[in-house]
Amino acid sequence: MNRDPSRRDSMIALLVMLALALYLVWRMLEPYLSAIFLASVLGISGFPFYAALERRWRKPALASLVATLTIMALIAGPVLFLVVTVAREAQSLYLALSATSHSQGGWTVWFSNVLERPLAWLAQSTGMTAPNLQAALTQRLQGAGNSALDRIGALFGNVTATLTQAAITFFALYFFFQAVVHLQALAVRWIPLPAHRVTELIRLTAETIRANVNGTLVVSAAQGALMGVGFAIVGLPRFWLWSVVGMFCSLVPIVGNALIWVPAVAYFALSGAWIRALILLGWCLMVVGFTDNILRPWVLRGSMPMNTFLIVLSIFGGIEYFGLAGIIAGPVVFSVTAALLRILREMRDEGESPPDPTSPAGFPIGPSSPA
């Protein structure tokens, strides 16, 4: 005769099975975590827009669809504009350089003439012969070109994966808007803290994410404007257009607006305008490049209970540990940690008792939530 297992044995068996199930779920979702994280960031940032639509129409599904389509269009539109503009201008630049090189005897002769004076200066400074320097430079350029072609090939080869990530981001964002209230209720239920403390942590996380998104937009606009000023100083035509393109490129991780000003510096250098090339290089490195380090902590300072040094440290540490997602994840982790320490100190010092669990906790992701 089989006896019923004890409650302790049942809980152990249940926890083991749950751990195995959660591990399998994690492994299945791991390839799509970046898309889910992006959808969460977009959902928290765009929740006020969704909430306004839902209050107006009283139809959560329709409001979620319109908000999702609007946000995705705001992302896809600038990307398409950037790709088309850069491709068109790159074609114009190639045709101009091709005509110049053809008039001077071809690409090889033109390139040798352009590099003649810099190579002579380097040969005199380093003690190496000009032919050896030219051969080394040519080898490096060939390696960089092959690497760029490999990266471009990998990008187009992963079109299916990119489209899959975009589709998952779309659907995750769509369902996030409708499930956010339920998700917050689950957090209040399962996290063993007073309900108003859980609400406070959720609100702090949402505010930090919004501040990061706002900081990114502010930094991008400032860098685009400053890059346009630099282009105007060196006399680059249509500098206003490149200012707009540079603003969008600032949103590209790692490389940022270097996608624009590095080819511009190379163009001036290859054209023999070394003074303008050096001026533009210095401006973009010293002025445009340091804008992120100044503006982003300043924007975040109003939403994070930390000094500027810790904010900068959270950004760089987040990027080092989480990758590109660390730009947002790093400050969120620091903010939540600071809030947890503060809550722990308050609960220890004041010995507060949790409020009535039947009272509503509120939904702090929305902008009109009580503070």
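For the reader, a short list of remarks on this structure follows.
- Measuring r between the beta carbons of Leu270 and Glu320 and using R0 = 45 Å, the FRET efficiency lands at 0.80.
- Hypothetical label at Leu80: residues of region 163-186 whose amide nitrogen lies under 19 Å (7 Å Cα-Cβ projection): 163-171
- Once the chain from Val218 to Arg88 is taken as fully extended at 0.36 nm per residue, the excess over their C-alpha distance is 44.1 nm.
- Charge tally around Ala52: other residues with Cβ under 15 Å, Lys/Arg +1 each, Asp/Glu -1 each, net +3.
- Note on Ala187 and Ala52: with the Förster distance fixed at 30 Å, the Cβ-Cβ geometry gives a FRET efficiency of about 0.80.
- Net lengthening on full extension, Ala179/Thr308 (0.36 nm per residue, minus Cα-Cα): 43.0 nm
Laboratory data are not the source of any read-out in this text; all were calculated from the coordinates shown. What you see is a predicted model; the values in this text were computed from it and never measured. Quick reminder, even Gly has a Cβ in these numbers, built from the backbone with ideal geometry, and neighbours come from all protein chains shown.
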